[in-house]
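Colleague: My questions all concern the structure below.
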Amino acid sequence: MGSTCARIAIDAMGGDNAPGEIVVGALRAREELGVEVLLVGDPQRIEAALPAKISVGQVQIVPAEDAIAMNEEALSSIRRKPKASINVAMDLVKQGQADAVISAGHSGAAMAAALLRLGRLPGIDRPAIGAVFPTIVASKQVLILDVGANVDCRPKFLEQFAVMGSIYSQYVLGVSEPKVGLLNIGEEDCKGNDAAVRAHQLLRENAQIAFIGNAEGRDVLSGQFDVIVCDGFVGNVLLKFAEAVGEVMLQIMREELPQGLRGQLGTSILKPNLKRIKQRVDHAEHGGALLLGVDGICIISHGSSQAPSIFNAIRLAKEAVNNQVLQRIQSQYQSSTNSGRLLPETN
């Protein structure tokens with residue numbers, strides 16, 4: 001594309017706080033990150049959400065006639081509403097008018113739109129949603145995938161997740177040699193169901209990743225692993241549990257630390273430290289999850305996302321674009337296919 005900076009299409013109608021919080025987060029990203037934002041949705045509602053200091057002519061609005069509600073069935077809604085905001089946003093990426101798309105709306109609809117509009121990358125059987133979790137090691141994160149795109153996974157899918165996750169971890173998260181683990185109920189090779197045992201063997205034999213073995217539940221946030229793969233059923237439960245733990249932890253700190261005069265003084269002194277704690281455990285700080293395996297950069301944000309989360313989702317999209325995540329995955333699978341590795345399953 002001719003643009004010199006990342007152009008991000010944003011589903012302005014998606015999410016519990018749309019379009020207000022979506023617009024605010026997008027405009028902040030435009031100013032601080034140097035990206036172009038395309039706000040997709042109902043022009044009247046988007047214009048009404050603009051801050052007073054921003055005129056309509058300063059914002060790129062792409063009209064969309066419809067939107068998909070959270071309670072609608074994903075696939076049928078995507079097909080029934082071709083002019084829905086998420087479909088229009090995906091089309092902008094497909095047509096080369098945007099580099100990435102972000103939605104805090106119906107996650108199932110976002111995945112369905114990505115598959116139907118963008119398609120899968122060659123060599124990928126199933127896309128996976130990758131979410132970044134904090135660990136007990138300061139400044140170190142772990143990428144978990146899949147966290148919701150595939151309830152059931154064949155061993156081959158988990159192997160593909162591991163390769164895509166390693167590429168993302170290396171080029172976006174900055175890990176020189178990502179250590180990969182398979183989420184399981186024990187460390188031994190023979191633990192788990194048949195799919196886990198077969199997946200373990202595939203991962204161990206794959207020379208393209210640094211597989212170091214099974215990861216038990218207690219290992220997820222230990223900092224030992226950079227990428228952990230699992231099926232979307234387990235991953236989604238893990239994601240939502242981790243989000244709840246983070247919220248509980250922050251709430252307890254808000255309630256307990258200011259108690260009494262000493263607590264109030266201590267809270268004031270510790271304010272910078274508390275801010276860093278929030279940055280490490282609050283899911284809003286991560287912005288959203290990347291849908292890996294589709295032919296376009298797609299970020300799925302939390303339905304309750306507010307402006308800071310949208311800002312961070314755009315930052316995440318920009319990093320994925322700038323670090324050429326799509327091209328690197330395509331290159332990896334092209335060489336793998338030529339050498340006979342990681343061929344897509346046909347049955």
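Colleague: Looking at (1) over 27 Å from Val88 (Cα atoms); (2) open to solvent by less than 30 Å² (accessible area, probe 1.4 Å), which one does Ser176 not meet, given that it meets all the others?
Modeller: Answer for Ser176: the failing condition is (2).
Colleague: Can you list residue pairs whose Cβ atoms sit under 8 Å apart, with the first residue in segment 315-333 being open to solvent by 60 Å² or more (accessible area, probe 1.4 Å) and the second being among the aromatic types (Phe, Trp, Tyr)? Count only pairs 6 or more apart in sequence or on different chains.
Modeller: Gln324/Tyr171; Arg328/Tyr171
Colleague: Which members of segment 261-320 meet the condition of being modelled with pLDDT of 90 or more, assigned to a helix (DSSP H, G or I) and of a type in the set (Asp, Glu)?
Modeller: Glu319
Colleague: If we keep just the residues of segment 78-122 that are among the charged types (D, E, K, R) and surrounded by 24 or more Cβ atoms within 10 Å (Cβ to Cβ), which is nearest to Ala29 (Cα to Cα)?
Modeller: My answer is Asp99.
Colleague: What are the pairs, 6+ residues apart or on separate chains, where a residue within segment 11-35 that is free of Cβ contacts under 8 Å to residues at least 60 places away in the same chain and in a helix (DSSP H, G or I) has its Cβ under 8 Å from a residue that is of a type outside the set (Phe, Trp, Tyr) and open to solvent by less than 10 Å² (accessible area, probe 1.4 Å)?
Modeller: These pairs meet every condition: Val23/Ala12; Val23/Leu39; Val23/Ile46; Leu27/Val37; Arg30/Val37.
Colleague: Just name the residue that is farthest from the chain's Cα centre (by Cα) out of those in segment 37-52 that are under 20 Å from Asn312 (Cβ atoms) and buried (at least 16 other Cβ atoms within 10 Å of the Cβ).
Modeller: Selected residue: Ala49.
Colleague: Could you give every pair whose Cβ atoms fall below 9 Å, whose first residue belongs to segment 244-259 and is under 21 Å from Ser305 (Cβ atoms), and whose second residue is assigned to a loop (DSSP other than H, G, I, E, B) and open to solvent by less than 90 Å² (accessible area, probe 1.4 Å), counting only separations of at least 6 or pairs across chains?
Modeller: Gly246/Asp282; Glu247/Asp282; Leu250/Asp282
Colleague: The conditions are (1) touching a helix residue (DSSP H, G or I) at 6+ places or on another chain (Cβ under 6 Å); (2) surrounded by fewer than 22 Cβ atoms within 10 Å (Cβ to Cβ); (3) under 23 Å from Ser304 (Cα atoms), and Ile68 fails exactly one of them. Which is it?
Modeller: All conditions pass for Ile68, except number (2).
Colleague: Something else now. Six or more apart or on different chains, Cβ under 6 Å: which pairs go from a residue in segment 209-233 that's among the small types (Gly, Ala, Ser) to one that's open to solvent by 20 Å² or more (accessible area, probe 1.4 Å) and not in a strand (DSSP E or B)? Could you list them?
Modeller: Ala210/Glu177; Gly223/Ile136; Gly223/Val137; Gly223/Lys140; Gly232/Gly148; Gly232/Ala149; Gly232/Val151
Colleague: Within the group Ala109, Ala104, Ala69, Ala64, which residue is more than 14 Å from Gly303 (Cβ to Cβ), touching a Ser or Thr at 6+ places or on another chain (Cβ under 9 Å) and among the hydrophobic types (A, V, I, L, M, F, W, C)?
Modeller: Ala64
The values are calculated or read from the model by the stated rules, or taken from the named source; none is laboratory data. All values derive from a computational prediction rather than experimental measurement. Because the Cβ atoms are built from the backbone with ideal geometry, glycine has one as well, and the counts that use them run over all protein chains shown. Accessible surface is based on the protein model in full, side chains and every heavy atom, while ligands, DNA and RNA are left aside. Shrake-Rupley method; radii C 1.70, N 1.55, O 1.52, S 1.80 Å.
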